1. State the percentage of accessible surface on the stretch 26-129 attributable to carbon and sulfur atoms; use a 1.4 Å probe and exclude ligands, DNA and RNA.
2. If the chain between Ala84 and Asn35 were fully stretched, how many nm would it gain, using 0.36 nm times the residue separation less the Cα-Cα distance?
3. Pop the C-beta distance of Asn49 and Asp25 into the FRET formula with R0 = 22 Å and round what comes out to the nearest 0.05.
4. Using r as the Cβ-Cβ distance of Glu75 and Asp105, and R0 as 30 Å, what FRET efficiency do you calculate, to the nearest 0.05?
Amino acid sequence: MEIDYQPEDSPVSLFDEDCIDHVKDMRLEAEAVVNDVLFAVAEMYVSSNLDSALAVAYINVETREGNRYCLELNEAGLRVVGYAFDQVDESLSTQYFETIYSLLDTLSPGYREAFGNALLQRLERLQQNGQ
């Protein structure tokens, strides 16, 4: 018995184009991270000198105290990989943080203060608008 088989008739696709939507582009994630906390640090930007890819991106940050860090962002989270802009020290074994907030909270008292002040101002505006 001969069966006509057409690939488009197959209920199972070997490549599901919808899966692409689920892959995070870490460079885009890094841009979002920078935009979220830029107000609370001295300087912060996604590195253009280090290779970023779908799986990893690097962020340079200078805290309000003047300390510089190179951060790695990947699916595991964020971690310090260098103590200067665009520096990756492979020998460092630093802790991953789930969010940029928790990482900066441990590195910078100035960040913590700026974040707290911004939160307080927002709450005060909400209270004024509610009355």
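1. Working: 2920 of 6060 Å².
That share works out to 48 percent.
2. Answer, rounded to one decimal: 15.6 nm.
3. Working: r = 19 Å, r/R0 = 0.84.
My answer for the efficiency is 0.75.
4. The calculated FRET efficiency here is 0.90.
The values are calculated or read from the model by the stated rules, or taken from the named source; none is laboratory data. These numbers come from a predicted model, not from an experiment. We place every Cβ from the backbone using ideal geometry, glycine too, and count neighbours over all the protein chains shown. Note: accessible area is taken over every heavy atom of the protein model, side chains too, but ligands, DNA and RNA are not part of it. Shrake-Rupley method; radii C 1.70, N 1.55, O 1.52, S 1.80 Å.
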